[in-house]
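*Asks:* Below is the structure I would like to discuss, written out as structure tokens.
The values are calculated or read from the model by the stated rules, or taken from the named source; none is laboratory data. Everything quoted here is computed from the prediction, not taken from an experiment. Virtual Cβ from ideal backbone geometry, glycine too; neighbours counted across all protein chains shown. Side chains are part of the model used for accessible areas, which takes the heavy atoms of the whole protein and leaves out ligands, DNA and RNA. Shrake-Rupley method; radii C 1.70, N 1.55, O 1.52, S 1.80 Å.
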Amino acid sequence: MPGGSGASPSSVTHEFDGARVVVRDSPFGLAFQDTSGRTVLEQVTPPLMQAMPSANLAPEPGGVDQLPEVAAYAPFAYEVGAEKGTQWPVLFWTGNMLAGVRGGVVHHATAVLETVEQDGTLAMTLSTTEPGRTLGVTISSDGPGALRVQVTPQPAAGVVAMGDAFSSGPDEAFHGFGGRHNTLDQHGNDFYAWVEEENFNQGPLKPLVDPIPDVGDEDYLFPNGPTAAYYVQNMFVSSRPYGFLANETALTRWRMAAERDDAWRLDVRRDGLDYTVAVGPAPEAIRAITAITGRQRVPPAWAMGPTLKRAVSGAYDYQTKVAEDLVEIERYMSEAGMPVEAYSYEGWDGLPEDFVRETNAWLTARDIRPIGYVRAFVSDDGTFDADGTFQDAVSRGLVAMTPGGAPWIGVAVGPAALLDFTNPDTVAWWEERKIRHMLDLGFDGFMQDFGEQVMEDMVFHNGETGVTMHNRFPVVFHQVTRSIVDRFETEHPERGPIFMYVRAGFTGRPGSAAYESSTFPGDEHPDWSRSNGIAALATDMLNRAIGGAVGFNTDIGGYLDSWSTDELDEELFTRWSQWSALTPFFRVHNSFSNGTKMPWSFDEPTLSRWIAAARLHMRARPYVLALWEQTADTGMPMQRPMWLAFPDDPEAAKQDQQWMLGEEVLVAPVVTKGATSRPVYFPAGCWQHGETGELYTGPGERAVAAPLESLPWFHRCDMPPPF
């Protein structure tokens, strides 16, 4: 229970479990402190206590930020007016945010009118710059060292957005926010939290768009800009130090010292505000926040083994290609010692059932686990859904509806409808028709794909619209499926843990991470680009890992080749395989349009290099699994960005193409075309090359030889090789 003590005539300090909050009476302001009294986060005090007009366009079409805007840097600012988001309505980008318009008058908190402390909660009523409206605020413990702040306008009518603003400085780093590709530190960036799909790099348009501001950049992604992400986490860890979690599912905008050097702010598009502050250094903040949002569970060991996936493609007859894969797998396992522990074929539901059963039995007899595939929608494509599946789900009303009560048809490509997992009838249908049917056919795991296509005017069975369901949909989707899988495992203990990995995700209480074992980053391009190729992988993996999503599962080779100007050749396939070797998963999946290139699709040296990377991955698996068990307990990711592993080393914090596995192994893969060496930053101490045995002493950057056969990785000299 909080207790008050006067800090000054106009402020009071309230004690919670492992944290403090200082409340300034007038002008109103909050400061968050650790138990020693150190302030780690403090609200901005506005220079003028008055309302202000606002008219903004954000986001802007194309993911750019060209037009000036007005933002209120004030405590608990809210807007009275109108706001409308416009989404992409068709094709790959259904549900992505295209543009948003907002206008009105902004008000904010001014002073404390009343304070009540009861049952461990601090409740306040605040005056505002708007006559007749107050703010109700509650502050309560959200676990050790964490405080939850909830704000409600009274009355709420007419409020379309609300936010808060905090003091910052040039020294503050902001790490996290989910699977963003652009950087490991979002200081200076302005972006929003909205689950989005299929963001392409510049591809063949690069010569045309290079001169365009915000577009001609190596990080740019079309159509939603460099920070677009499939897997969004509404949280970050600051260097101040503290962690911050927005307990919101509506569209949230973050201005991270982007407009002002001395402040950052967030806005949420609804009539209230809910966030959590976790005081303390990064490991403590990560533990506190992921205890709320969830951590991906440890997978079965086989799921981390070398996996081959046969993608559906118009380039061949799918059933014939799956049958050919089995012949090639047996051949190369026998002749070349190629390790394969799982085989995934995503078009199983469009194949004859007898063929699927026979295929899975063949794989199981050879200790190869079959992996299936499901999607968040039903489609009349005859490939991923058996004939009649789409018509059955739509006719039963199991899909998201239009405001007029008709099925909302048109998500993704082709006649398709998003399943409504808030509807109990949909859940029952999904369990029988998809998940149990798939598992009864002998699959031991599956990919759960999509979940980004919710439109704001969709209406769901639980009464919500897409405004609040867009970001929450993948959480509900994964939770529903996980509950089905848990029941199946209880009924069939002989089957062992079922492996489930996903694409779309979001934070929550808990978020989707609580129901998954793994996430794949979403249709990378088979190229070397920083925006969405091999050089985008490390930032994505490391950003989402600190939010509990540690099971990074890249498509070796890159999937979306229909837009790329590069071709998946021997060099890129090799470097991508090496990149994956010392990550949690090792899965071949590539080529959207030309057909999957398996390890045997290349020449013999490339196959040998893939086998070497696969064997390294298998040697490291016990080490990674042990680290994952620790992650499940503490939230501290096994693959750690250098800033997290070496918090007192500013040069280490700049490294975004290398990482640590636990405390002992440094990984620095090659992500540059044609490179036969790369610079590696070594923190203080002695480091030994895991392949050559060469010694390097840090701190400092060293050039390390990296011929095509070699993955630069290192372990501490004072320990034996960990694998």
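*Asks:* If I ask for residues that are over 19 Å from R472 (Cα atoms) and either in a loop (DSSP other than H, G, I, E, B) or of a type in the set (A, V, I, L, M, F, W, C) (or both), which ones from region 267-295 would you list?
*Replies:* Those that are over 19 Å from R472 (Cα atoms) and either in a loop (DSSP other than H, G, I, E, B) or of a type in the set (A, V, I, L, M, F, W, C) (or both): V277, A278, V279, G280, P281, A282, A285, I286, A288.
*Asks:* State the number of residues belonging to region 263-301 that are under 30 Å from P370 (Cβ atoms) and open to solvent by less than 30 Å² (accessible area, probe 1.4 Å).
*Replies:* Total meeting the criteria: 4.
*Asks:* Here is a follow-up. Among the listed residues G595, G635, which satisfies the condition of being buried (at least 23 other Cβ atoms within 10 Å of the Cβ) and small (G, A, S)?
*Replies:* Going through G595, G635 in turn, just one is buried (at least 23 other Cβ atoms within 10 Å of the Cβ) and small (G, A, S): G635.
So that you can scan it fast, the table gives a plain yes or no per residue for (1) of a type in the set (S, T, Y); (2) modelled with pLDDT of 95 or more; (3) within 32 Å of the chain's Cα centre (by Cα); (4) under 24 Å from N553 (Cα atoms):
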{"position": "L326", "(1), (2), (3), (4)": "no, yes, no, yes"}
{"position": "G337", "(1), (2), (3), (4)": "no, yes, no, yes"}
{"position": "A342", "(1), (2), (3), (4)": "no, yes, yes, yes"}
{"position": "Y345", "(1), (2), (3), (4)": "yes, yes, yes, yes"}
{"position": "W348", "(1), (2), (3), (4)": "no, yes, yes, yes"}
{"position": "R357", "(1), (2), (3), (4)": "no, yes, no, no"}
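*Asks:* Which ones in region 580-596 are within 25 Å of A668 (Cα to Cα) and not small (G, A, S)?
*Replies:* Those that are within 25 Å of A668 (Cα to Cα) and not small (G, A, S): L582, T583, P584, F585, F586, R587, V588, H589, N590.
This table checks each residue for (1) in contact with a Cys (Cβ under 7 Å, 6 or more places away or on another chain); (2) crowded, with 18+ Cβ neighbours inside 10 Å; (3) more than 18 Å from P707 (Cα to Cα).
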{"position": "A653", "(1), (2), (3)": "no, yes, yes"}
{"position": "T672", "(1), (2), (3)": "no, no, no"}
{"position": "Y681", "(1), (2), (3)": "no, yes, yes"}
{"position": "A684", "(1), (2), (3)": "no, no, yes"}
{"position": "E691", "(1), (2), (3)": "no, no, no"}
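*Asks:* Is one or more of the residues making up region 334-345 surrounded by fewer than 17 Cβ atoms within 10 Å (Cβ to Cβ) and in contact with a helix residue (DSSP H, G or I) (Cβ under 6 Å, 6 or more places away or on another chain)?
*Replies:* yes
*Asks:* Looking at region 415-432 only, could you name the residues that are open to solvent by 40 Å² or more (accessible area, probe 1.4 Å) and either over 30 Å from N360 (Cα atoms) or touching an Asp or Glu at 6+ places or on another chain (Cβ under 8 Å) (or both)?
*Replies:* Correct list: P415, P424.
*Asks:* Looking at (1) on the phi > 0 side of the Ramachandran plot; (2) not in a loop (DSSP other than H, G, I, E, B), can you tell me which one T359 breaks?
*Replies:* (1)
*Asks:* Let me ask something else about it. Within region 64-71, identify whether any single residue is of a type in the set (A, V, I, L, M, F, W, C), free of Cβ contacts under 8 Å to residues at least 40 places away in the same chain and part of a loop (DSSP other than H, G, I, E, B), and answer yes or no.
*Replies:* yes
*Asks:* Identify, by number, the condition in (1) within 25 Å of the chain's Cα centre (by Cα); (2) modelled with pLDDT under 95 that G120 doesn't meet.
*Replies:* Only one criterion in (1) within 25 Å of the chain's Cα centre (by Cα); (2) modelled with pLDDT under 95 is unmet by G120, namely (1).
*Asks:* For region 708-716, check the following and say yes or no: at least one residue is in contact with a helix residue (DSSP H, G or I) (Cβ under 6 Å, 6 or more places away or on another chain) and over 29 Å from E570 (Cα atoms).
*Replies:* No, there is no match, as no residue in region 708-716 is in contact with a helix residue (DSSP H, G or I) (Cβ under 6 Å, 6 or more places away or on another chain) and over 29 Å from E570 (Cα atoms).
*Asks:* What pairs can you find where one residue is in region 199-211 and within 26 Å of E452 (Cα to Cα) and in a loop (DSSP other than H, G, I, E, B), the other is open to solvent by 80 Å² or more (accessible area, probe 1.4 Å) and of a type in the set (K, R), and their Cβ atoms are less than 9 Å apart, with a gap of 6+ or different chains?
*Replies:* Sorted first by the residue in region 199-211, then by its partner, the list stays empty.
*Asks:* When you scan region 638-648, how many residues do you find that are open to solvent by 30 Å² or more (accessible area, probe 1.4 Å) and under 23 Å from F177 (Cβ atoms)?
*Replies:* Residues meeting the conditions: 3.
*Asks:* Then there is this: If you take the residues in region 598-628 that are open to solvent by 10 Å² or more (accessible area, probe 1.4 Å) and part of a loop (DSSP other than H, G, I, E, B), which one is nearest to I371 (Cα to Cα)?
*Replies:* F602
*Asks:* Can you work out which of the residues in region 219-238 that are surrounded by 24 or more Cβ atoms within 10 Å (Cβ to Cβ) and among the hydrophobic types (A, V, I, L, M, F, W, C) is farthest from P204 (Cα to Cα)?
*Replies:* Filtering region 219-238 for residues that are surrounded by 24 or more Cβ atoms within 10 Å (Cβ to Cβ) and among the hydrophobic types (A, V, I, L, M, F, W, C), the one farthest from P204 (Cα to Cα) comes out as V237.
*Asks:* Restricting to region 88-135, name every residue that is open to solvent by 10 Å² or more (accessible area, probe 1.4 Å), closer than 18 Å to R253 by Cα and either free of Cβ contacts under 8 Å to residues at least 24 places away in the same chain or in contact with a Gly (Cβ under 6 Å, 6 or more places away or on another chain) (or both).
*Replies:* Matches in region 88-135: G103, G104.
*Asks:* Examine region 5-16 for a residue that is open to solvent by less than 30 Å² (accessible area, probe 1.4 Å), modelled with pLDDT of 95 or more, in contact with a Pro (Cβ under 6 Å, 6 or more places away or on another chain) and in a strand (DSSP E or B), and state whether such a residue exists.
*Replies:* The answer is yes, given that some residue of region 5-16 is open to solvent by less than 30 Å² (accessible area, probe 1.4 Å), modelled with pLDDT of 95 or more, in contact with a Pro (Cβ under 6 Å, 6 or more places away or on another chain) and in a strand (DSSP E or B).
*Asks:* Considering region 177-216 alone, what residues qualify as being basic (K, R) and surrounded by fewer than 20 Cβ atoms within 10 Å (Cβ to Cβ)?
*Replies:* Within region 177-216, K206 is the sole residue that qualifies.
*Asks:* Within region 393-408, which residues are surrounded by fewer than 15 Cβ atoms within 10 Å (Cβ to Cβ) and either under 27 Å from the mean Cα position of the chain (by Cα) or of a type outside the set (A, V, I, L, M) (or both)?
*Replies:* Listed by number, the residues that qualify are S395, R396, T402, P403, G404, G405.
*Asks:* Ok, one more. For region 142-171, name all the residues that are part of a strand (DSSP E or B) and surrounded by fewer than 19 Cβ atoms within 10 Å (Cβ to Cβ).
*Replies:* Q150, T152, Q154, V160
*Asks:* Of everything in region 571-586, what is open to solvent by less than 10 Å² (accessible area, probe 1.4 Å) and either over 25 Å from P637 (Cα atoms) or not in a helix (DSSP H, G or I) (or both)? Give them in sequence order.
*Replies:* Hits for region 571-586 are L572, F573, T574, L582, T583, P584, F585, F586.
*Asks:* Of all residues in region 249-262, how many are open to solvent by less than 10 Å² (accessible area, probe 1.4 Å) and either modelled with pLDDT under 95 or under 21 Å from the mean Cα position of the chain (by Cα) (or both)?
*Replies:* 5
*Asks:* Being open to solvent by less than 10 Å² (accessible area, probe 1.4 Å) and either in a helix (DSSP H, G or I) or more than 26 Å from D349 (Cβ to Cβ) (or both) is the filter here; which residues of region 433-474 pass it?
*Replies:* Matches in region 433-474: K434, I435, M438, L439, G466, M469, H470, N471, F473, P474.
*Asks:* Against the condition under 27 Å from the mean Cα position of the chain (by Cα), surrounded by fewer than 22 Cβ atoms within 10 Å (Cβ to Cβ), assigned to a helix (DSSP H, G or I) and of a type outside the set (F, W, Y), how does R482 come out, does it pass?
*Replies:* Judged against the criteria, R482 is a match.
*Asks:* Kindly indicate whether V502 is without any contact (Cβ under 8 Å) to a residue 60 or more places away in the chain and open to solvent by less than 10 Å² (accessible area, probe 1.4 Å).
*Replies:* Spelling it out, V502 is indeed without any contact (Cβ under 8 Å) to a residue 60 or more places away in the chain and open to solvent by less than 10 Å² (accessible area, probe 1.4 Å).
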